[in-house]
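Worksheet: one structure, shown below.
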Amino acid sequence: MDSWWIVQLVLATVLAVVVWKLVKFNVRYRGWCRVARQFQNIGPLHPVWGNLHLFKHTYDWMVIAKKVVNKDKPRIIVTWMTNLFPNFSMVHPDTAKVVLKASVPKPTGVGSPYGAFVSWLGYGLLTSSGSKWQRNRRMLTPAFHFDILRTYVDVYNKSCDRFINKLESISTEGKSVEITKPTAVATLDILLRCALSYESDIQEQGDKHPYVLAVDELTHMAADRFINPLLQIDAVFRLTSAGKRYFNLCDYVHDFANKIIQTRKETLENNPSSTQKRRLDFLDMLITTRDTDGQGLSDLEIRDEVDTFMFAGHDTTASVLSWTFYCLGKYPEYQQKVFEEVREIMQDRVQVTWDDLPRMQIIHLFLKETMRMYTPVPTISRTLKEPLEVDGVILPASIDVMVQIDCINHHPDNWPDHEKFRLDRFEDHASSDKDPFSYVPFSAGPRNCIGQNFALNEMKVILAKVLNRFRIVLDEDHEVVALAEVVMKAKDGIKVKLLPR
């Protein structure tokens, strides 16, 4: 009898907790619904899946959202992730500004875009929040000082020489080449050399190099997890063949980084003066940096930052460069202007110098307009830890909000002629009256991209050297379709003809 009484007590307690949780969720859910009704929904709702039935792939969301933005000019769009969880997307500078200026963390739990990357990237600057992010951001900022960036120009030149040799070997007699893959390998080569002083020529092996393959495959698999609610749960994902492959790849890239980190730490411990005899790289800075209490980064923190730098730095830069090659071919009159600037600056030289970079004004304008047309990172996400007023409406705490940078770059209120490529769009007189948050390819606010100057310098060197060697012509028989995935991709790649100058 006593045992039955205990069982009843346990069952009653469990039932009470479940009821309490349901009541608590119902109160929050009703609040979400009240707020969601004040904004435009992205499309018709399914009784179970919410708006998820509209998207077969991650990039489908942006296609639909941009149509809504062009037609109705909303400032916030609501997307229901199943019929229980609304997601609020900021698609206008005025609404995005509020979120980006606030100290709002990125979501890394189940159902969040960044959560799918944590098993791979850990908690580096991309995914960490709060005091950890603030501490690490302060510690890593000196790694991107101009004095450090200056030393990388020689690496850019040498890696780009290998890139040009690769392009020459695959482009013969005016035949078109698919440019995105060799570009991605070249940018990864640069990052490995600048970050880790990794000297193996991965451009020779191309996408057959195991690290190149692993990073590319992990990126696609992490993105695919986001639109499948079940696969966002690690325990479930590990049971699938894709999950087993994903975590095996995570182990490989972690081991790759760990070996380099441990070798470097041993070198620095045995020979502290070794950094005086060579160029400092990102890993040196990670190992030697200290916070205000004199504490350094742990081995795991160092690896997380290395993996984050490899992912965030190479794929985004490769995306911008690939779309820039496309736009150069699509707008030959602008390509000629860029080429003339390159020749004026470089004269008979083939190597770009640090002092050349600030003189590349037309290249800079061309890059900015390309990043507006083809936003390298179309979407970023935040989780509200406390209520936030946006457009006169209080968004409740605990919900996910998205800043849709690609929608902002194409919002008719912001850019009336947004479908037109204009080289003069970002000249001083043309952009002086624009809100700074109307163009945020590297995000903005306290969590803006720490490596944006590194990326811009790298892209200027590559573009100058490639245009100094080739005239770029589009393959007219190849259709190019932009897909807004984790980064902006081309559905079937980008094919161009590289004609020697």
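Quick note: the coordinates plus some simple rules give every number you see, no bench work behind them. Keep in mind the model is a prediction, meaning the values are calculated, not measured. Positions of Cβ are backbone-derived with ideal geometry, glycine not excepted, and every protein chain shown enters the neighbour counts.
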| task | Based on a Kirkwood Rh over C-alpha pairs, give the Stokes-Einstein translational diffusion coefficient of the range 310-390 at 20 °C and viscosity 1.002 mPa s in µm²/s. | result | 142
| request: At 0.36 nm per residue, minus the direct Cα-Cα distance, what do D348 and N258 gain on full extension? Give it in nm, one decimal, please. | output: 28.1 nm
| task | Would you mind checking the tilt of helix 130-140 against the longest principal axis of the Cα atoms of the chain, expressed as 0 to 90 degrees and rounded to 10? | result | 10
| request: Determine Rg/Rh for the range 143-185; Rg is computed over alpha-carbon atoms and Rh is the Kirkwood hydrodynamic estimate from the same atoms. | output: 1.16
| query | Which cross-chain or sequence-distant (5 or more) residues have an amide H under 5 Å from the amide H of I494, H modelled 1.01 Å from N in plane? | reply | I179, T180
| query | What residues have an amide H closer than 5 Å to that of Q40, excluding those fewer than 5 places away on the same chain, when H is modeled at 1.01 Å from N in the peptide plane? | reply | I76, V78
| Which ³J(HN,Hα) values in Hz, rounded to whole numbers, follow from the phi angles of the range 148-164 under the Karplus curve 6.51 cos²θ - 1.76 cosθ + 1.60, where θ = phi - 60° and Gly and Pro get x? | 6, 4, 4, 6, 7, 4, 5, 5, 4, 4, 5, 5, 5, 4, 5, 4, 5
| said: On a 23 Å Cα-Cα criterion, which of the cross-link pairs K244/K489; K265/K460; K71/K420 come out too long? | reply: K244/K489; K265/K460
| query | If you take the alpha carbon radius of gyration of the range 404-501 and divide it by 2.2 N^0.38 Å, what ratio comes out, to two decimals? | reply | 1.30
| request: Convert each backbone phi in the range 65-82 into a coupling constant with the Karplus relation 6.51 cos²θ - 1.76 cosθ + 1.60 (shift: θ = phi - 60°), then list the ³J(HN,Hα) values in order as whole Hz, x for Gly and Pro. | output: 4, 5, 5, 5, 4, 5, 7, 10, 6, x, 9, 9, 10, 9, 10, 8, 8, 6
| field | Part-to-part distance (alpha-carbon centres) for the range 392-467 and the range 122-139, which is given in Å | value | 23
| field | Whole-number D in µm² s⁻¹ for the range 170-215, Kirkwood Cα-pair radius fed into Stokes-Einstein, 4 °C, 1.567 mPa s | value | 114
| Looking at N87, P358, I148, which one has the Cα that reaches farthest to the positive end of the dipole of the chain (charges on Cβ: Lys, Arg +1; Asp, Glu -1)? | N87
| request: Among A312, V473, G31, flag the residue with its Cα farthest along the positive direction of the charge dipole of the chain, charges on Cβ as +1 for Lys/Arg and -1 for Asp/Glu. | output: G31
| Kirkwood hydrodynamic radius (Cα pairs, Å) of the range 186-260? | 13.6
| note | Placing +1 on each Lys and Arg Cβ and -1 on each Asp and Glu Cβ in the chain, then taking the dipole about the Cα centre, the residue among P74, A455, T288 whose Cα reaches farthest towards the positive end is P74
| field | Sequence-separation-based contact order of the chain, relative, with Cα cut under 8 Å and 6+ spacing, percent | value | 23
| query | Measuring from label point to label point, each 7 Å out along Cα→Cβ, what is the K101 to R359 span in nm? | reply | 4.0
| task | Report Rg (one decimal) and Dmax (nearest whole number) for the chain, counting Cα atoms only, units Å. | result | 24.4, 97
| the chain: antiparallel DSSP beta bridges as a percent of all, rounded to 5 | 80
| request: Rounded to whole Hz and in sequence order, give me ³J(HN,Hα) for the range 281-295 from the Karplus expression 6.51 cos²θ - 1.76 cosθ + 1.60, θ = phi - 60°, writing x for Gly and Pro. | output: 10, 4, 5, 4, 5, 5, 6, 9, 5, 9, 8, 5, 9, x, 8
| Cα principal axis extents for the range 1-149, largest first, Å | 78, 45, 28
